[in-house]
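The values are calculated or read from the model by the stated rules, or taken from the named source; none is laboratory data. Note that the coordinates shown come from a computational prediction; the quantities given were computed from them, not determined experimentally. Because the Cβ atoms are built from the backbone with ideal geometry, glycine has one as well, and the counts that use them run over all protein chains shown. These accessible areas exclude ligands, DNA and RNA; they are computed on the full protein's heavy atoms, side chains included. Shrake-Rupley method; radii C 1.70, N 1.55, O 1.52, S 1.80 Å.
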Amino acid sequence: MKPESAAYAAEYLRENDRDRYLATLVLPAKERDAIAALYAFSADVAAVRERAREPAAGEIRLQWWSDALSGEGHGNVRSNPLADALLSVVAEYGLPVPPLTRLISARRFDLYYDPMPDLSTFEGYAGETVSALYQLAAMILNGGQPVESGDAAGHLGVAHALIGHLRAFGYSASQGRIFLPWSVFAVCGVAEADVVAGQGGERLTVALTKVAETATEHLETARTAIKALPRKLRRAFAPVAVLGAQLRRFDLEKPFVRQDDLPDWRKIAALTIQSWR
């Protein structure tokens with residue numbers, strides 16, 4: 001990987017997905033740049049929904065990434081430092097391309113305004129957009145050799161996505177989007193119009209509590225699975241400590257109010273302690 005591409009990817013990640021950037025700081029130096037490039041690609045794809053004024057423009061950007069990965073990109077794809085960094089990592093570590101293209105395809109959901117229908121669909125979405133990143137990061141830590149991280153990547157990915165969208169619930173609702181499984185809200189008698197209008201209440205709190213409980217269950221299962229992994233792979237899953245702290249901190253009765261996150265020093269401390277265990 002070109003040093004300038006690696007530096008650009010790391011800075012892009014720091015600016016656009018700070019939690020994942022902090023997570024790379026506890027990784028071994030040799031693999032840090034590679035995993036940062038992987039995460040920066042994910043951050044760029046995730047940001048498409050914010051940058052595209054309409055779904056068609058977002059589709060074009062996502063297709064650009066798909067073409068770049070398939071070798072069908074037009075022009076000099078490598079002139080894009082993020083693409084150069086990612087393609088270099090794919091080549092160096094022999095990463096499988098299908099999980100990356102499935103991540104891109106899953107992100108097409110973000111471009112539209114249909115609510116996430118149910119938990120099963122959400123788990124599939126989380127698997128493609130988050131669990132796959134944990135799996136590939138573990139593969140990089142394993143020198144490019146396939147790994148069986150099993151429940152660690154799967155459950156931590158779902159927990160990560162649930163907690164992230166729970167914390168962003170108010171902002172997403174203000175944009176007319178509902179990423180958490182709507183079936184949970186429907187069972188609790190929550191009206192979609194009320195959510196989009198930023199109206200809370202007891203029913204909404206009950207629904208969000210159910211989501212938080214589901215996230216906690218996935219976190220606990222992930223923690224158990226992480227302990228069973230070879231030591232050198234566990235650092236890829238260090239965010240489990242930060243996610244748990246963020247979930248405990250979130251006030252479920254005030255989902256539409258901007259809430260303070262953990263300071264960076266606490267996140268770094270939690271990541272470091274987790275990576276030592």
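Taking segment 28-51, which residues are over 16 Å from the mean Cα position of the chain (by Cα) and at pLDDT 95 or above? Working first, answer last.
Filtering segment 28-51 for residues over 16 Å from the mean Cα position of the chain (by Cα) gives 28-34, 51.
Of everything in segment 28-51, those that are over 16 Å from the mean Cα position of the chain (by Cα) and at pLDDT 95 or above turn out to be Glu31, Arg32, Asp33, Ala34.
Looking only at segment 1-11, filter to residues that are charged (D, E, K, R) and part of a helix (DSSP H, G or I); which one of those is surrounded by the fewest Cβ atoms within 10 Å (Cβ to Cβ)?
Glu4
Does Thr129 satisfy being under 26 Å from Glu192 (Cα atoms), polar (S, T, N, Q) and open to solvent by 50 Å² or more (accessible area, probe 1.4 Å)?
no
When you scan segment 12-65, how many residues do you find that are within 20 Å of Phe109 (Cα to Cα), of a type in the set (A, V, I, L, M) and open to solvent by 30 Å² or more (accessible area, probe 1.4 Å)?
3
Which condition number does Ser120 fail, the rest of (1) open to solvent by 40 Å² or more (accessible area, probe 1.4 Å); (2) at pLDDT 95 or above; (3) not in a helix (DSSP H, G or I) being met?
Here Ser120 clears every test but (3).
Going through Gly143, Gly157 one at a time, which residue ends up being assigned to a loop (DSSP other than H, G, I, E, B), small (Gly, Ala, Ser) and under 29 Å from Lys232 (Cα atoms)?
Gly143
Can you name the residue in segment 70-102 that is hydrophobic (A, V, I, L, M, F, W, C) and not in a helix (DSSP H, G or I) and, of all such residues, is least open to solvent (accessible area, probe 1.4 Å)?
In this case the residue turns out to be Leu95.
Hey, Gln145 hits all of (1) open to solvent by less than 10 Å² (accessible area, probe 1.4 Å); (2) over 17 Å from the mean Cα position of the chain (by Cα) but one; which does it fall short on?
(1)
Any residue in segment 174-187 that is modelled with pLDDT under 95 and among the small types (Gly, Ala, Ser)?
Scanning segment 174-187, I find at least one residue that is modelled with pLDDT under 95 and among the small types (Gly, Ala, Ser), so the answer is yes.
State which residue is farthest from Tyr134 (Cα to Cα) when the search covers only segment 252-274 and only residues that are open to solvent by 20 Å² or more (accessible area, probe 1.4 Å), in a helix (DSSP H, G or I) and not basic (Lys, Arg). Spell out the reasoning first.
Quick first cut of segment 252-274, residues open to solvent by 20 Å² or more (accessible area, probe 1.4 Å) only: 252-254, 256-261, 263-266, 268-270, 272-274.
Those left that are additionally in a helix (DSSP H, G or I): 264-266, 268-270, 272-274.
Then keep just the ones that are not basic (Lys, Arg); that gives 264-265, 268-270, 272-274.
On the way: Asp264: 21, Trp265: 23, Ile268: 18, Ala269: 20, Ala270: 18, Thr272: 17, Ile273: 19, Gln274: 15 Å.
Filtering first and then ranking leaves Trp265.
Asp67: in a helix (DSSP H, G or I), farther than 25 Å from Gln246 by Cα and charged (D, E, K, R), yes or no?
When the stated conditions are applied, Asp67 passes them.
May I ask you to verify whether Phe250 is modelled with pLDDT of 95 or more and within 21 Å of the chain's Cα centre (by Cα)?
For Phe250, the condition - modelled with pLDDT of 95 or more and within 21 Å of the chain's Cα centre (by Cα) - is met.
Out of curiosity, is Ser70 under 30 Å from Asp151 (Cα atoms) and modelled with pLDDT of 95 or more? It would help to see each step written out before you state the result.
Values: under 30 Å from Asp151 (Cα atoms): yes; modelled with pLDDT of 95 or more: no.
Answer is no for this residue.
Which ones in segment 185-213 are among the aliphatic types (A, V, I, L, M) and exposed (fewer than 14 other Cβ atoms within 10 Å of the Cβ)?
Residues satisfying the conditions are Val187, Ala193, Ala197.
List the number of the failed condition for Glu213; all other conditions in (1) at positive phi; (2) modelled with pLDDT of 95 or more hold.
(1)
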